[in-house]
Amino acid sequence: MTSTGRTQEIDVVVVGAGQAGLSSAYFLLKLGLRPEAELVVLDADAGPGGAWQHRWRSLRMRTVHRIADLPGMELLQPDDDAAAADVVPRYFAAYEARFGLPVHRPVRVSAVREGRDGRLDVVTDAGAWSARAVVNATGTWTRPFWPYYPGRESFRGRQLHTADYRGPAELAGRRVVVVGGGASAVQLLAEVSAVADTAWVTRRPPVWRDAPFDEQAGRAAVALVEEAVRAGRPPASVVSVTGLAMTPAVAAARERGALERLPMFERITPDGVAWADGRTLAADVILWCTGFRAALDHLAPLRLRGAGGGIVMEGTHPAADPRLHLVGYGPSASTIGASRAGRQAARDVMALLGQAGGRAEAHHADGTGMVDALGGAA
């Protein structure tokens, strides 16, 4: 760990050790960067696992949307009843150890800003690094989105977000309004409705997916989000464009009548929610399954966002700055696209270092080329 009193110069800093960060680090090592001397990974969590270590205990492997393998190491098929919060962190920990990934934790990055000589300064609670390139892989879990509705502060019950949810037992016997039309909303509704009196509220009617969510469907979903970020629009999540799966648990909830969706309420009252037509619904709990936003506040000094709030992207880097790569942003903000984006970011970073006379040139002096070093094109 670097000391708190000095700035350490390095070629590349990866911020975040979830799927996107680990994939990026793996490919950077494969392309020749030396761990610690030329590459470090900074992770804010105390242990491996990324956002998975914080997910609710009742999320089982059979009900996760989809988990893609990290590059170079298969996730062996676990027990379907195993908790995802156990399985995936163990897998990430084994991955870090197997490939010797230089992860420093817990290290919280507070800012990335312009440094000297064209470098980027990465400022943390454990010191600072001056990097020639930064791969940002901070994901979304630390930025839950809470939409505002009038009267929210007057509600006498409990309000919690998906990020705070720990399982249905804590809501047993309560009157729960579940807000949101995404996959997490449906998963939580299915289990909470088995032990509580629930109502489901969404802004738009839900769209159900009839076909299985296979690799082809995943690539199509990623392409839709890529279109948005190329135009500089704030990206929707990949999950939001895939439709909702009718799993056995969700089908059981439908049989209970829990999937009878209500339109979005107009305001929150001290005792529940109310609609513009005068209808009201009493509630003890409002469960906001309203998604997450990209955790990019530490990049604010670089002024990347356009007038519409999005970042115009070219591949995995902002169009205005090839030194910075956003992996886990937009189309790669899921396990579907994270590894592919990590591979692309690593190639582009090494090309950037090579243009400046760095390690990339030495590594490829034998003429093997970057594509060959990674075992083929993405």
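A short reminder: the numbers here are calculations on the coordinates, not readings from a lab. Every value quoted in this text rests on a predicted model; they were computed, and no experiment measured them. Cβ: placed from backbone, ideal geometry, glycine included. Neighbour counts: every protein chain shown.
Quick notes on this one:
- Burial ordering of D197, D297, fewest other beta-carbon atoms within 10 Å first: D297, D197
- D (Stokes-Einstein, µm²/s), Kirkwood Cα radius, segment 111-160, 0.692 mPa s at 37 °C: 224 µm²/s
- Cβ-based exposure ranking for E114, E96, in which fewest neighbours within 10 Å come first: E114, E96
- From the alpha carbon centroid of segment 22-37 to that of segment 90-146 is 14 Å.
- Hull volume in cubic angstrom per residue (convex hull over the Cα atoms of segment 241-340): 189 Å³
- Loop-located trypsin sites (Lys or Arg not before Pro) in segment 49-143 (DSSP state not H, G, I, E or B) with no more than 11 neighbouring Cβ atoms inside 10 Å: R116.
- Column: log10 I(q)/I(0), Debye, Cα scatterers of segment 34-158, q = 0.20, 0.21, 0.22 Å⁻¹: -1.18, -1.24, -1.30
- For segment 95-177, chymotrypsin sites (Phe, Trp or Tyr not before Pro) meeting the loop criterion (DSSP other than H, G, I, E, B) and having at most 15 other Cβ atoms within 10 Å: F145, Y148.
- Qualifying trypsin sites (Lys or Arg not before Pro) for segment 242-348 [loop in DSSP, other Cβ within 10 Å: at most 16]: R256, R279, R293, R303, R305
- Counting beta carbons within 10 Å around each of E314, E260 and listing the fewest first gives the order E260, E314.
- Rounded to 5, percent antiparallel among DSSP beta bridges of segment 17-169: 75 percent
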